[in-house]
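Below are the structure tokens for one structure; questions will follow.
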Amino acid sequence: MKKSGKNKAVGRDENGNGPKKGVVMQIDIKFPFFSAFSYQRFPSVGKSTLLCNLAGVFSEVAAYEFTTLTTVPGVIRYKGAKIQLLDLPGIIEGAKDGKGRGKQVIAVARTCSLILMVLDVMKPLQHKKLLEYELEGFGIRLNKQPPNIGFKRKEKGGINLTMLVPQTELDLELVKSILAEYRIHNADITLRYDATSEDLIDVIEGNRVYIPCIYVLNKIDQISIEELDIIYRIPHTVPISAHHKWNFDDLLEKTWEYLNLIRIYTKPKGQLPDYSQPIVLNAERKSIEDLCMKIHKSLQKDFKCALVWGASAKHNPQRVGRDHVLIDEDVVQVIKK
């Protein structure tokens, strides 16, 4: 369960043509579902149309920019799971510094499990780099893994640098100068791969979030087949047409893949499995113990064993304990003491 939070968005002027200075609209945002993902984009790229057609939720659509002024929630039901979408107001250049209430908008994106960056295929793809720059300036790292760098402060002994592989950028002097900027003069640093100074800074800061991102290129109905073939070669990209509802299946499938979820079906004793409402788990936490915690924490105390049918079982059913690792679409019956 994600926590509730408050977000502020800019208001329009009297003519409805853009943000009005000094006007703030405050809204409450709640995250009641297992996972949520948000839209990040420049104004007027068809994101609200995508939300309307994908989740069936009304989000104001107009020909001018800054149509969406508040966060609009929606729900997608896919493979039996409920996935929450957050339609965020558009961010502009300088958002990480607070321009256009960008800090409040990006702060919501930090809490999400996935970011859909909606881009207009007819406009320069430079927008992609600008949006990435704004998000990175707020501590969001897209489609990256946390740096495999060991960092441990200590009270004395100076800087101890261990390089397990040859380094092309970092050396002892550079590491010392970076640490000196943070007034760190005693620490153990272990570089387990060819790291950069930005990687080391991220580890020292310790407040970075690593979120998968899908680049959604909208309005493909306005380009040629040859141009579409080139777009498909861009990593982490899904071309769509929100207006014509083209390629939504590919977008939903990639969304499911990037969220890294699995479905577990429960089976009451003496009854058939309930295939209508699966329990959704993160693929990194998919043991029987995680399943019990997902159902209710009190189930952990009364747990005796579990019967498992499916790909993770050596035979059907298999009696397992808390540490058994589940696979997508397994069927589980929990037996209490």
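The values are calculated or read from the model by the stated rules, or taken from the named source; none is laboratory data. Just so it is clear, the structure is predicted and the values come from calculations on it, not from any experiment. All Cβ positions, even for glycine, are placed from backbone atoms using ideal geometry, and neighbour counts span all protein chains on display. Surface areas here come from the heavy atoms of the whole protein model, side chains and all, with no ligands, DNA or RNA. Shrake-Rupley method; radii C 1.70, N 1.55, O 1.52, S 1.80 Å.
Near K129, which aspartates and glutamates are there with a Cα under 13 Å away, not counting those fewer than 8 places off in the same chain?
K129 reaches E93.
Then there's this: Pull up all non-local amide H partners of T237: gap of 5 or more, or a different chain, and H-to-H distance under 5 Å with H placed in the peptide plane.
Counting only residues 5 or more places away or on other chains, the set is Y215.
Suppose all protein chains stay in the model; what accessible area per residue would a 1.4 Å probe give for segment 261-336, in Å²?
Values: 4510 Å² over 76 residues.
On a per-residue basis, segment 261-336 sits at 59 Å².
Please report the spacing between the Cα centers of segment 215-268 and segment 186-203 in Å, no decimals.
Going from one Cα centre to the other spans 35 Å.
Hey, if we sort D194, D330 by accessible area with the 1.4 Å probe, largest down, what's the order?
My answer, sorted largest first, is D194, D330.
For segment 167-325, what is the relative contact order in percent, using Cα pairs closer than 8 Å and at least 6 residues apart in sequence? Mind dumping the intermediate values first?
On the way: 141 pairs, mean separation 18.3, N = 159.
Rounded, it is 12 percent for segment 167-325.
If we count every other residue with Cβ under 12 angstrom of V325's Cβ, Lys/Arg +1 and Asp/Glu -1, where does the sum land?
On the way: positive: R285, K286, R322; negative: E284, E289, D290, D323, D328, D330.
Local net charge: -3.
Can you give me the relative contact order of segment 234-325 as a percent, contacts being Cα pairs under 8 Å and 6 or more apart?
Taking the mean separation of contacting Cα pairs over the length of segment 234-325, I get 17 percent.
Could you state how much accessible area K129 has, in square angstrom rounded to the nearest 10, with a 1.4 Å probe and all protein chains kept in place?
Roughly 130 Å² of K129 is accessible to a 1.4 Å probe.
Among all the aspartates and glutamates, which ones have a C-alpha under 14 Å from K337's C-alpha, if same-chain residues fewer than 8 places away are not counted?
Result set, ordered by chain and number: D302.
Under 5 Å between amide H atoms, partner at least 5 residues away or on a different chain: which partners does W246 have, H built in plane at 1.01 Å?
Correct list: S241.
Follow-up question, since we're still on this one. Evaluate E = 1/(1 + (r/R0)^6) for Q300 and Y182, where r is the Cβ-Cβ distance and R0 equals 41 Å; express this FRET efficiency to the nearest 0.05. Walk me through the numbers on the way to the answer.
Numbers: r = 41 Å, r/R0 = 0.99.
Rounded to the nearest 0.05, the efficiency is 0.50.
Right, something else. Using a 1.4 angstrom probe on the protein heavy atoms only, line up E136, E226 by accessible area, largest first.
On the way: E136 75, E226 125 Å².
The ordering from most to least exposed comes out as E226, E136.
Determine the share of segment 149-205's accessible area contributed by carbon and sulfur atoms, expressed in whole percent, with a 1.4 angstrom probe. Mind showing how you got there, number by number?
Details: 1690 of 3540 Å².
Ligands and nucleic acids excluded, carbon and sulfur reach 48 percent.
Another question, if that's okay. With every protein chain left in place, what is the accessible area per residue of segment 162-229 in square angstrom, probe 1.4 Å? Before the final figure, lay out each step's value.
On the way: 3660 Å² over 68 residues.
Ligands and nucleic acids excluded, the figure is 54 Å² per residue.
Hand me the tally of lysine pairs in segment 261-336: alpha carbons under 15 angstrom apart, and the pair either on different chains or 8 or more positions apart.
Numbers: K267/K336; K269/K304; K269/K336; K286/K294; K297/K336; K301/K336; K304/K336.
Close lysine pairs found across segment 261-336: 7.
List the residues whose amide H sits under 5 Å from the amide H of I223, counting only those 5 or more places along or on another chain, with H placed 1.01 Å from N in the peptide plane.
none
With a 1.4 Å probe and all protein chains kept in place, how much accessible area does E205 have, in Å² rounded to the nearest 10?
Taking all protein chains as shown, E205 has close to 80 Å².
Taking a ≥ b ≥ c as the square roots of the Cα gyration tensor eigenvalues, with a/c under 1.5 meaning rounded and otherwise prolate when a/b beats b/c, else oblate, which class fits segment 261-336? Intermediate results must be reported in sequence, preceding the final value.
Numbers: a/c = 1.16, a/b = 1.03, b/c = 1.12.
It comes out rounded by the Cα gyration axes.
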